[in-house]
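The values are calculated or read from the model by the stated rules, or taken from the named source; none is laboratory data. Keep in mind that what you see is a predicted model, and the values were worked out from it rather than measured. A quick note on method: Cβ atoms are made from the backbone with ideal geometry, for glycine too, and the neighbour counts reach across all protein chains shown. To get the accessible areas, we keep the full protein, side chains included, count just its heavy atoms, and leave off ligands, DNA and RNA. Shrake-Rupley method; radii C 1.70, N 1.55, O 1.52, S 1.80 Å.
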Amino acid sequence: MTTSRSDDGDVRAEVMRLHYLEGLSMRAIARRLHLARRTVQRHLAKLPPAQKPTTALAERSSLLDPYDVKIRALLEATPELKAPQILERLRLLGYSGGLTILRDRVRALRPKPKAQAFLTLDFHPGEAMQVDWADFGFALPGVPRRVCAFVAVLCYSRLLYIEFTVSQAMGSFLRCMDRALAFFGGVTTVDIFDNMKTVVLEHPRSGPVRFNPRFLSYANARGGFAVIPCSPATPTAKGRVERPISFVRDRFWLGRRFRHLADLNLQACTWRDDFANRRVHAETGKVPALAFEHDEKQRLKPLAPTSFNTDDIEPVSVTKLYRVSFDRNRYSVPWRLAGQSLVVRADDHNVGVFLGPKQVASHQRSWGTGGDFEQPSHRKKIGDVRSSDPADFARARFGYAGMQYFKNLAAGARSLRRESLRLIFLAELFGTTEVQSAMAEVMRTGHVGVEYVEYVLRHKRKLSPEFAPLKLGNPALDQIALREPDLTVYDQPVLTRDPGEPPASEP
C-alpha cells in the first residue's frame, strides 16, 4: 500500500490503533495494511531517526582553501569584483583550479549588502516637483523610434503629468516642460531632476555640478525655479516620480494598443485625468486632484509671461545633393546653397532651415528614420547651370561685376570655392543687387576679397539682414500694418532749468 504525504497522518493513526488497542503485532499490521514492516516500525517510533550519512566528500579539502584569505581581502576592498577578475589575481599566486568552483566560493564569501534605512521626506505645498524620463521601447506601429514617457509629479499633492514622445532631445524636453507647467498652472520653488544631459552636463562625485546653460536660462525665463540634480545612481532620491512611473507601467501601459503617437497621448491624458489623479493615493490617503485644488494650487508661483525658444537647434552643412541631415532624416534646401553652413530649427511639427536670420527652407517634420524629403522648388533651376562648381554659379549670378571680380580673383592665391560660397551667403542675406554693387566698389579701390565686400555691406552701408515676416497663423493678425513712429521728435532740444536757480518771477 502506498500512501501520499497528505495521508501519512491517517495511516499512522490506524497503525497505532491496531497495535495499542487491538494488540496486533507489527507483522500482522503490515499484512493487514499492506505496508512494509519498517514502515510500521517507523510509525510506532521503533526505529531511530534517520541521519544524513557522512561521507568523505563533505570533509574533502578544496584547491581554494589556501586562497580564502586572499579572496576575502579582495572582496572586502572591492565588493564588485567578478570571479574572472579574481581568477586572474589567483593565477599569479599559483592557483591551478578552474573558474566554476571559484564562482561558488566567491558567491559564498562575497559581503552581503547592508540594509539601508531611508528617511521619509516631507514637502510643503508648492515646494517641489520631480521630473524623469521612462523608456517604453518600440511600441508604435511603423515607427522605428523608442517611445519615452515624460513624467512630472508635484511632491505634495502627488498630482501627475504624463506625456509620451519619441525623442529626449533638448527641444522635446523643453516643450514637455512647458506643457507640464501649463498643466499645473505655475511653477514650484524647486524642481528635482535625474542626471539627464538636457539638465546636467557633468555631476562628479566630488566637486561642483556643471549644468546645461540652456536649461538654466529656461528655468529663469519660466518664472524662476531652483534646479537640483539627484546624486548619481540613487533612484531613491526621487521616489516621488519613480513610483508613479511604476504605476503607469502597471496600471496604464499593460494590455493597451495604440495606432500612433497622438492616439497614445490621448489615451494617456484620459487615464491621467479620469483615474490617476482622481484615485485615493495609497500613501497620502488623499485624492491628488483635490489636494492640488485646495492646498497646493494657490502656492505655486505664476508662470512668467515671457516666451522661451524651445526649438531643437542644430548647425548643419549642405551636401552636394542640396540636403541637410537632421534627426536621422534628410531635408532639401535651395540647390544654390550647396556647401553652405546653415542652422536647423525644429519643433514637434515643422523643420525650418536658416541661413543666418533668413529662413531658406521649411518642411513638415518626420518622426520616422532614413527619410528623404525634397521640395520641387529647390531643384527646378538646377538644369540652368551646366557646372556644379560654386564659382561658375557665382559668376552667372552676379553678372558683369561677378565675371570681372572672379577674373581678378583667379590670378591670386585665394580659394575660389570659399569666396563663391561666402558671396552666395551674403547675397542670401542682403540681396544680389547690393552684393554686386559692393563688389564693384571694392574693385574700384583696387582690392578683391569677400571680407572687403562684407565690410562695405555691414559697416559702410550699415545694412542689416532682411528677416522673414512673422506669421501668426491668423489672417486678421497677419494683415495688421503699423505706421513707423517718428523718432525725430526726440531730437528736439529740451530746455531745462538748473535746480539750484530760483524760479523766474512771473510778469
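In this label model, Arg243 and Leu303 are separated by 2.8 nm, measuring between points 7 Å along each Cα→Cβ vector. Our estimate of slack between Gln375 and Gln85, defined as 0.36 nm per intervening residue step minus the Cα-Cα distance, is 98.6 nm.
For the pair Asp10 and Glu293 in one chain, pulling the backbone fully straight at 0.36 nm per residue adds 95.4 nm over the alpha carbon distance. Accessible-area rank, largest first, for Trp335, Trp271: Trp335, Trp271, with all protein chains present and a 1.4 angstrom probe.
For the pair Lys358 and Arg418, a Förster radius of 30 Å applied to the C-beta separation gives a FRET efficiency near 0.90, rounded to the nearest 0.05. Computed from the Cβ-Cβ distance with R0 of 45 Å, the FRET efficiency linking Arg257 to Thr78 stands at 0.45. Cα convex hull, region 159-274: 119 Å³ per residue, rounded to a whole number. The modelled label-to-label distance for the pair Arg27/Lys112, using points 7 Å beyond Cα in the direction of Cβ, is 5.4 nm. Taking the alpha carbon gyration tensor of region 230-313, multiplying each eigenvalue by 5 and rooting it gives semi-axes of 23, 22, 18 Å, largest first.
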